[in-house]
Amino acid sequence: MVPYAAAQTRETPYITRHGFGYSVFEHTERGIHSEVWVYVALDTAIKFTVLKVKNKTGRARRLSATGYAEWVLGDLRTKNSHACDYDVDLESGAIFARNSYNTEFPNRVAFSTPTR
C-alpha cells in the first residue's frame, strides 16, 4: 500500500495537446494510462468528452470513473441553475436537463450519457 502523501507525487508528466475543435489530456501513473479527449461537433452545439483508460501493468486492476457537470442552461448561474429540471433514462443511464424558464431557448435539452 502506498501512503497517501506518496500517492500524490506525480512521477510522470501530464501531456496536453490542442487542435482545431479538440483537446487531449494524457497521463500515465502507476501503470494506468489515461487519455481524456474533449471535442466539439462541427455542425451542431455538442461537446464530447471521451475517457480512454489502459492498464499497462499486466495485472487485474479495479478502477472507477466519475463525472461532474453543473448545467446552467442560461446566461448566469445565479439566475438559472435553480430552474433546471432533470430526468434520467434508467435503461441507458442518460441524464437530460432542461430550463423551460429560459425564454430564449425553452425547448433545448442538454444531456450526458455513458457509453457501454
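For region 78-96, give me each residue that is part of a helix (DSSP H, G or I) and within 16 Å of P106 (Cα to Cα). K79, N80, S81, H82, A83 - these are the residues of region 78-96 that are part of a helix (DSSP H, G or I) and within 16 Å of P106 (Cα to Cα).
Mind listing just one residue for me: the one in region 47-72 that is open to solvent by 60 Å² or more (accessible area, probe 1.4 Å) and of a type in the set (F, W, Y) and, of those, modelled with the lowest pLDDT? Among residues in region 47-72 that are open to solvent by 60 Å² or more (accessible area, probe 1.4 Å) and of a type in the set (F, W, Y), the one modelled with the lowest pLDDT is Y68.
Is it the case that region 35-46 has a residue that's surrounded by 13 or more Cβ atoms within 10 Å (Cβ to Cβ) and more than 18 Å from S112 (Cα to Cα)? So far as region 35-46 goes, yes, one or more of its residues are surrounded by 13 or more Cβ atoms within 10 Å (Cβ to Cβ) and more than 18 Å from S112 (Cα to Cα). Taking the conditions (1) among the β-branched types (V, I, T); (2) without any contact (Cβ under 8 Å) to a residue 12 or more places away in the chain; (3) in a loop (DSSP other than H, G, I, E, B) in turn, T16 satisfies each one other than (3). Being of a type in the set (K, R) and at pLDDT 90 or above is not true of R108.
Within region 101-114, the set of residues being within 11 Å of G74 (Cβ to Cβ), open to solvent by 70 Å² or more (accessible area, probe 1.4 Å) and not acidic (D, E) comprises Y101, T103, F105, R108. Give me the residue from region 12-34 that is among the small types (G, A, S) and over 23 Å from A69 (Cα atoms) and, out of that set, surrounded by the most Cβ atoms within 10 Å (Cβ to Cβ). Looking at residues that are among the small types (G, A, S) and over 23 Å from A69 (Cα atoms), I get G31.
Of all residues in region 73-100, exactly one satisfies the criterion of being of a type in the set (A, V, I, L, M), more than 20 Å from the chain's Cα centre (by Cα) and loosely packed, with under 13 Cβ neighbours inside 10 Å, namely L76.
The values are calculated or read from the model by the stated rules, or taken from the named source; none is laboratory data. From a predicted model like this one, the values you see are computed outputs, not experimental measurements. Note: ideal-geometry Cβ built from the backbone for every residue, glycine included; neighbour counts use all protein chains shown. Each accessible area value is taken on the protein alone, full model and side chains, heavy atoms only, with ligands, DNA and RNA left out. Shrake-Rupley method; radii C 1.70, N 1.55, O 1.52, S 1.80 Å.
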